[in-house]
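The structure appears below as structure tokens.
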Amino acid sequence: CPIPMPGYSQAVCRRHDVKLENIHHVAINVSDYERSKAFYVNKLGFCILGEYVYPSGTRRLDCTAGQIRLEIFCCAVETGTFAERNIGYRHLCFHTEDIEKDVDELRAKGILVESIRTDVMAGGRMAFFCDPDGITIELHE
């Protein structure tokens with residue numbers, strides 16, 4: 001458990017069957033793909049891992065700097081889910097060593113988790129679910 005900071009109550013840690021190890025990546029939505037690509041690559045020094053255009057026309061840029069992995073999306077349509085239309089934060093992704101076990105565990109706790117699927121850009125497997133406010137969370141193996 002973390003050491004409590006002054007002014008904060010003692011941290012409470014409980015053993016859980018889902019083992020989250022670290023943040024795998026951060027995904028953001030942007031309003032202008034080329035402008036954002038130039039900013040992150042040319043100004044902040046991110047290296048391009050790959051670019052992809054979805055059938056809907058949404059563009060995706062995967063890039064990295066040091067231990068940071070960033071996914072940048074630019075939605076081509078004005079309809080779709082909140083995550084597709086919202087400029088800014090898209091989802092939080094946790095790395096896991098055993099996605100099938102963790103998805104089963106989350107479902108056993110009453111959490112609706114999408115089917116596990118292959119991540120064609122980053123490799124590995126992934127599954128999505130939402131927190132109580134509808135914020136998207138991804139598990140990535």
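The values are calculated or read from the model by the stated rules, or taken from the named source; none is laboratory data. Everything numeric here is computed off the predicted structure, so don't read it as measured data. Ideal geometry is used to build each Cβ from the backbone, glycine not excepted, and the neighbour counts take in all protein chains shown. Remember, those area values only see protein heavy atoms, side chains included, never the ligands or the DNA or RNA. Shrake-Rupley method; radii C 1.70, N 1.55, O 1.52, S 1.80 Å.
Rounded to the nearest 0.05, what FRET efficiency do GLU105 and ALA65 give with R0 = 30 Å and r taken as the Cβ-Cβ distance? Could you check?
That gives a FRET efficiency of 0.40.
For ASN42 and GLU21 in one chain, what is 0.36 nm times their gap in residues minus the Cα-Cα distance, to one decimal in nm?
4.5 nm
Quick query: amide H of ASN29 versus all other amide H atoms, modeled in the peptide plane; which residues come in under 5 Å with a sequence gap of 5 or more or a different chain?
Answer set, sorted by chain and number: PHE73, GLY88, TYR89, ARG90.
Got a sec? What order do TYR40, TYR52, TYR33, TYR89 fall in by accessible area at 1.4 Å, biggest, i.e. largest, first? Write down the numbers at each step before the final one.
Numbers: TYR40 45, TYR52 80, TYR33 10, TYR89 100 Å².
Ranked list, largest accessible area first: TYR89, TYR52, TYR40, TYR33.
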